[in-house]
Each structure stands twice: as structure tokens, then as C-alpha cells.
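All remarks here apply to the structure that follows.
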Amino acid sequence: MSFLRWAIVIVPLILLLGFASGRAVPSGSENLWYQTLTKPELNPPGWVFPVVWTTLYIMIGLALAMIVHARGARGRGVAIGLFVVQFALNLAWTPLFFGAHLVDVALFVIVAILVVSIATTFAFARIRRGAAWLMLPYLVWLSFAGVLNWRIGQLNPNAESLVPRAQTSQML
């Protein structure tokens with residue numbers, strides 16, 4: 001299958017899974033718990049998050065498509081496996097943070113995402129440098145998101161008890 005065919009399948013799949021994770025629980029301004037939190041000064045306006053995540057999901061989807069297309073490349077299976085692990089962790093972050101209000105656990109998860117994403121980027125670089133370059137904005141944003149998560153935890157030491165946990169999904 002050509003790179004374009006892989007990209008046509010993988011990019012929408014990454015976007016769909018990211019969207020599903022983001023809609024699994026109320027998030028951002030739709031989340032009463034999040035609205036009550038004290039936010040750090042560097043917290044961007046709410047509209048920034050969907051724009052950035054959509055762009056990043058497209059970029060990492062293209063990076064993955066480049067690697068999947070690199071048949072016979074040494075380390076391809078490991079690179080794809082690392083991508084899957086970091087992406088699964090990525091998808092778990094929103095329900096942990098916004099749904100379960102587990103700020104400290106979410107911080108641990110975002111650090112794990114960053115570590116595995118760095119390993120993924122190095123694995124991608126051994127196969128296709130362009131794929132690694134496509135991962136770099138994601139690494140920068142993950143670092144920034146980690147700082148936001150950490151500061152929210154500092155500013156809201158009892159964040160888990162502010163309001164009851166979300167009981168419903170927004171998927172329907």
C-alpha cells in the first residue's frame with residue numbers, strides 16, 4: 001500500500017480515537033469541575049486545545065503512516081509498538097484528568113506519554129527522519145501540557161474533592 005493510502009486510513013483513525021477520548025467525559029469549559037479549578041497564568045484559552053490537538057493528531061498520524069509504509073525497515077515493529085503504547089496512554093489521560101479528577105495520576109501518565117513518545121521519536125528517526133520531525137511539535141506540546149497539569153495540581157491540592165466525578169459520557 002502506498003504512503004498516501006496508509007495516511008488516508010491512519011490519520012482519520014488517530015483523529016477519531018482522539019475525538020472519542022476527548023468526548024468520553026466532559027472536558028474543558030464543558031466540565032464543571034475544571035471550571036472551578038484555579039488555573040496557572042500560562043493556561044491558554046479553551047479554544048486553543050482542540051485546534052492544537054487536531055493539528056498534532058494529524059502530524060503524528062502522518063508520522064505513523066510513514067513508518068507503517070516503510071516495509072522491511074529494521075525496527076519498524078518496535079517503532080509501531082512504541083507509538084501504540086504512547087497513544088493508548090494519551091487516550092487515557094482525558095478520562096483520568098477530566099472524568100476521574102485524578103490530577104496526580106494524570107501527571108504521572110503525561111510523563112509516561114512523554115518518555116514513550118521520545119523513545120518513539122528516536123525509533124522513527126532510525127527509519128524515516130521526516131516521521132521523527134513530525135513528532136517534535138507533539139513532544140513540545142506534551143511538555144507544556146505536563147507543566148499545566150503539574151501547576152494545576154499545585155494550585156488545587158484537593159482537586160479530586162471539588163465536585164462529584166462525571167457519571168455520564170458525552171459519546172451519545
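The values are calculated or read from the model by the stated rules, or taken from the named source; none is laboratory data. Just so it is clear, the model here is predicted, and its values are computed rather than measured. Every residue, glycine as well, gets a Cβ built from its backbone with ideal geometry; the counts of neighbours run over all protein chains shown. The protein model used for the area step is the full one, side chains on, heavy atoms only, and it has no ligands, DNA or RNA in it. Shrake-Rupley method; radii C 1.70, N 1.55, O 1.52, S 1.80 Å.
Being of a type outside the set (Ser, Thr, Tyr) and outside any helix (DSSP H, G or I) is a condition met by at least one residue of the range 27-37. Looking across the range 110-143, the residues that are open to solvent by less than 60 Å² (accessible area, probe 1.4 Å) and in contact (Cβ under 8 Å) with a residue 60 or more places away in the chain come down to 124, 127, 130, 131, 132, 134, 135, 137, 138, 141.
Screening 51, 25, 68, 11 for residues that are open to solvent by 70 Å² or more (accessible area, probe 1.4 Å) and either among the aliphatic types (A, V, I, L, M) or over 20 Å from residue 93 (Cβ atoms) (or both) leaves exactly one candidate, 51. Filtering the range 156-172 to residues that are at pLDDT 85 or above and either surrounded by 13 or more Cβ atoms within 10 Å (Cβ to Cβ) or on the phi > 0 side of the Ramachandran plot (or both) leaves 156, 159, 160. Of the set (1) at pLDDT 95 or above; (2) open to solvent by 30 Å² or more (accessible area, probe 1.4 Å), all apply to residue 57 but (2). In the set (1) under 17 Å from the mean Cα position of the chain (by Cα); (2) among the small types (Gly, Ala, Ser); (3) open to solvent by 20 Å² or more (accessible area, probe 1.4 Å), the condition left unmet by residue 106 is number (3). Taken together, 33, 47, 93, 6 contain a single residue that is under 11 Å from the mean Cα position of the chain (by Cα), at negative phi and of a type in the set (A, V, I, L, M, F, W, C), which is 93.
Yes or no, residue by residue, for (1) under 14 Å from residue 117 (Cβ atoms); (2) open to solvent by less than 20 Å² (accessible area, probe 1.4 Å):
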position: 41; (1), (2): no, no
position: 74; (1), (2): no, no
position: 77; (1), (2): no, no
position: 82; (1), (2): yes, no
position: 87; (1), (2): yes, yes
